[in-house]
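Peer 1: Attaching a single structure in structure tokens format; questions to follow.
The values are calculated or read from the model by the stated rules, or taken from the named source; none is laboratory data. Values in this document were obtained by computation on a predicted structure and should not be read as measured data. Cβ placement follows ideal geometry from the backbone for every residue including glycine, while neighbour counts extend to all protein chains displayed.
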């Protein structure tokens with residue numbers, strides 16, 4: 001009889017311990033995880049180097065400067081080999097983002 005009570009108590013203790021452990025696993029996302037989710041949404045359909053540059057800037061603590069935008073947009077315009085009015089329109093649109 002004592003063994004039955006002991007085993008029942010042990011089983012109950014293990015069950016309660018497992019429930020507490022499971023509750024710890026369901027924590028809210030960390031600040032970095034939240035930031036990553038926000039940046040992913042803002043990146044939209046960007047791909048390749050443009051997306052990398054955006055994510056790097058977005059995830060860093062520094063605000064984006066106009067000079068940083070200009071560098072990124074210039075690099076993108078070069079890879080697309082845009083010239084004249086096409087380049088001007090692209091740069092205008094890129095810098096507004």
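Peer 1: Would you be able to tell me the number of residues in the range 72-97 that are more than 25 Å from residue 37 (Cα to Cα) and assigned to a helix (DSSP H, G or I)? Give the derivation first.
Peer 2: In the first step, residues of the range 72-97 are kept if they are more than 25 Å from residue 37 (Cα to Cα); the result is 74-75, 77-92.
Cutting the leftovers down to assigned to a helix (DSSP H, G or I) gives us 74-75, 77-79, 84-92.
Looking only at that region, the number is 14.
Peer 1: Among the residues in the range 14-33, are any loosely packed, with under 12 Cβ neighbours inside 10 Å, at pLDDT 85 or above and part of a helix (DSSP H, G or I)?
Peer 2: Yes - at least one qualifying residue is present in the range 14-33.
Peer 1: Applying the selection to the range 52-65, what residues are loosely packed, with under 15 Cβ neighbours inside 10 Å and touching a helix residue (DSSP H, G or I) at 6+ places or on another chain (Cβ under 8 Å)?
Peer 2: Scanning the range 52-65 gives 59, 64.
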